[in-house]
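Just below is one structure, and these are the notes that go with it.
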Amino acid sequence: MQYGLEEGIDSISARKIIEIVGGQGNPPEYGFQYFTAGLDSYIGTIDEDYLGSFIKDGGSAFKMVIGVYGGGKTHFLYCIREVAWNYDYIASYIVLSPEQTPFHKLEQVYKTISANLIYPQTPEELLSGYDKGIEAVIKSWYNRKYQEMANKLSEDLMSHELNAYALALGPYESTSFRNAVREAFLSLAEKRNDDFTLIIQWLKGENPPKNLLKNFGIFEKIDKSTAFKMIRSLVQWVRDLGYAGIVVLMDEAEQTPSMTTKQKAALLSNMRELIDECGHANFRNAMWFYAVPDENFLEGRTQAYEALRQRLSSVFNAETNPTGVKIYLEEVSADPVELLADIGKKLSTIYGVAYNTKFETSALNETIADIAKAAYERKLEIGYKREFVKNLIKALHKLRKTG
């Protein structure tokens, strides 16, 4: 997962990286590779033991990533997503938030997963704006299948073969889901644009009026009672598209300040069911990552808390226990200040490309070291990694102007 600038980054792309990192302290969706540091053993193990083998061969797994706010969770998840794309997985990175996508509302989670599906795309596409969501995936699937058949068949046979292919899809756990993806595919083939739009609305979880859907064999509503079934059907469908599988990356953006007892129970139940599903055949070729700032949500005395704690008790270690569930990001480096300095040197190189400038080595190293130490000293107050990169970019601006 180490990328050198010699592999090519232009000044505009470099400037985009600096703007995002310096302004928000967040990693950009593409370009984070150029300043990734300290994650090699973690990412390499997930690559070799999971995405490159076990998951691709029909397994499924769940990992919980634990790191403070501003501690590198999003960066880590982006690294995982890129490894997934390298193996031809579809990935969905989603932000869990109390208002938009609370984990205790699985129907919202399904909607967000489907809205953020991304099939593997080139760096150029990722930098310039990429296709995202279940609509884009279906259009890409249809275009790929059409080209594949067009190279072998006459125009007269195409319609028959496309129809036969669509009818052979499945079975999936939800017949409505199978009928929806089949009819979406056929509506593209037959240029029924209004039908395609309506079906996509249902697949996105928008639940258009059921009387408009019955002609397509879509009778279920996507709600809390069917959400898990729809998620399992989505996993099954992705396999039929010819991808290696699906990788879902759930990033808790902010903690829910207060949940009702009922909401907490639903969250615990959903997570327990998701973990248990990873042992079942209908969840094959799927890997799930759930990133949280801490484990406070597991503090409780009821049996539901204990059941989940038991499932999450094992700790991931790249060398000794890759099957462990909990990944502690704070343990990636024996020397956090040295890790920050490594990140700083990489960011300074990107900065140099962005602004076509060079820094005097000793002044640069001293600046990086001072900011790294100052950030780490505040580790109990703030997300020190985010604070470090923001302060470093600010210092590089000053260094460029004043020398």
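Restricting region 71-126 to residues that are within 21 Å of Pro27 (Cα to Cα) and aromatic (Phe, Trp, Tyr) leaves a set whose member that is nearest to the chain's Cα centre (by Cα) is Tyr93.
Inclusion of Lys105 among residues that are of a type in the set (Lys, Arg) and within 28 Å of Lys221 (Cβ to Cβ) is warranted.
Results for (1) closer than 26 Å to Ser176 by Cβ; (2) hydrophobic (A, V, I, L, M, F, W, C), shown as yes or no for each residue.
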{"position": "Leu212", "(1), (2)": "yes, yes"}
{"position": "Ala227", "(1), (2)": "yes, yes"}
{"position": "Ser233", "(1), (2)": "yes, no"}
{"position": "Arg239", "(1), (2)": "yes, no"}
{"position": "Met271", "(1), (2)": "yes, yes"}
{"position": "Arg284", "(1), (2)": "yes, no"}
{"position": "Ala304", "(1), (2)": "no, yes"}
{"position": "Gln310", "(1), (2)": "no, no"}
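Answer yes or no as to whether Ser41 is among the hydroxyl-bearing types (Ser, Thr, Tyr) and without any contact (Cβ under 8 Å) to a residue 12 or more places away in the chain. Judged against the criteria, Ser41 is not a match. Does Ile231 satisfy being buried (at least 22 other Cβ atoms within 10 Å of the Cβ), part of a loop (DSSP other than H, G, I, E, B), at pLDDT 95 or above and outside the structural domain of Leu51 (by TED's automatic domain parsing)? Against the criterion (buried (at least 22 other Cβ atoms within 10 Å of the Cβ), part of a loop (DSSP other than H, G, I, E, B), at pLDDT 95 or above and outside the structural domain of Leu51 (by TED's automatic domain parsing)), Ile231 does not qualify. For region 240-270, filtering for residues that are touching a residue at least 60 places away in the same chain (Cβ under 8 Å), of a type in the set (S, T, N, Q) and more than 30 Å from Glu82 (Cβ to Cβ) leaves 1.
Is one or more of the residues making up region 21-34 in contact with a His (Cβ under 6 Å, 6 or more places away or on another chain), of a type outside the set (Gly, Ala, Ser) and either closer than 23 Å to Ala341 by Cβ or free of Cβ contacts under 8 Å to residues at least 40 places away in the same chain (or both)? Within region 21-34, one or more residues are in contact with a His (Cβ under 6 Å, 6 or more places away or on another chain), of a type outside the set (Gly, Ala, Ser) and either closer than 23 Å to Ala341 by Cβ or free of Cβ contacts under 8 Å to residues at least 40 places away in the same chain (or both). Selection of region 83-114 for residues being in contact with a Pro (Cβ under 9 Å, 6 or more places away or on another chain) and not acidic (Asp, Glu) yields Ala84, Trp85, Asn86, Tyr87, Tyr89, Ile90, Ala91, Leu96, Pro98, Gln108, Val109.
Summed over region 277-310, the residues that are small (Gly, Ala, Ser) and surrounded by fewer than 11 Cβ atoms within 10 Å (Cβ to Cβ) give a count of 1.
One line per residue, one yes/no per condition, for (1) touching a residue at least 40 places away in the same chain (Cβ under 8 Å); (2) touching a Cys at 6+ places or on another chain (Cβ under 8 Å); (3) outside the structural domain of Thr323 (by TED's automatic domain parsing):
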| site | (1), (2), (3) |
| --- | --- |
| Asp195 | no, no, yes |
| Leu198 | no, no, yes |
| Lys204 | yes, no, yes |
| Phe216 | no, no, yes |
| Glu220 | yes, no, yes |
| Ala227 | yes, no, yes |
| Val238 | yes, no, yes |
| Cys278 | yes, no, no |
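Residues that are more than 24 Å from Ala244 (Cβ to Cβ) and at pLDDT 90 or above occur in region 165-173; there is at least one. Among residues of region 239-273 being of a type in the set (Val, Ile, Thr) and surrounded by 22 or more Cβ atoms within 10 Å (Cβ to Cβ), the one that is nearest to the chain's Cα centre (by Cα) is Val248. Can you say whether Ile9 is surrounded by 21 or more Cβ atoms within 10 Å (Cβ to Cβ), hydrophobic (A, V, I, L, M, F, W, C) and modelled with pLDDT under 95, as far as the supplied structure shows? When the stated conditions are applied, Ile9 passes them. Residues that are within 18 Å of Met271 (Cβ to Cβ) and outside the structural domain of Lys390 (by TED's automatic domain parsing) number at least 1 in the following helices (runs of 4 or more DSSP H) confined to region 49-136: 73-86, 106-115. For region 22-60, which positions are in contact with a helix residue (DSSP H, G or I) (Cβ under 7 Å, 6 or more places away or on another chain) and farther than 22 Å from Thr74 by Cβ? Selection gives Ser60 alone.
Residues in region 141-162 that are without any contact (Cβ under 8 Å) to a residue 12 or more places away in the chain and not charged (D, E, K, R): Asn143, Gln147, Ala150, Asn151, Leu153, Ser154, Leu157, His160.
Selection of region 163-193 for residues being under 19 Å from Pro208 (Cα atoms) and in contact (Cβ under 8 Å) with a residue 40 or more places away in the chain yields Ser174, Thr175, Ser176, Phe177, Arg178, Val181, Ala184, Phe185. Being surrounded by 15 or more Cβ atoms within 10 Å (Cβ to Cβ) and either outside any helix (DSSP H, G or I) or without any contact (Cβ under 8 Å) to a residue 12 or more places away in the chain (or both) is true of Ser333.
When restricted to residues that are in a loop (DSSP other than H, G, I, E, B) and surrounded by fewer than 15 Cβ atoms within 10 Å (Cβ to Cβ), region 336-391 contains 7. Filtered by the rule that a residue be among the polar types (S, T, N, Q), farther than 19 Å from Ile222 by Cβ and buried (at least 20 other Cβ atoms within 10 Å of the Cβ), region 61-102 gives a lone residue, Thr74.
The values are calculated or read from the model by the stated rules, or taken from the named source; none is laboratory data. Note that this is a predicted model, so its numbers are computed, not measured. Please note: Cβ atoms are built from the backbone with ideal geometry, for glycine as well, and neighbour counts cover all protein chains shown.
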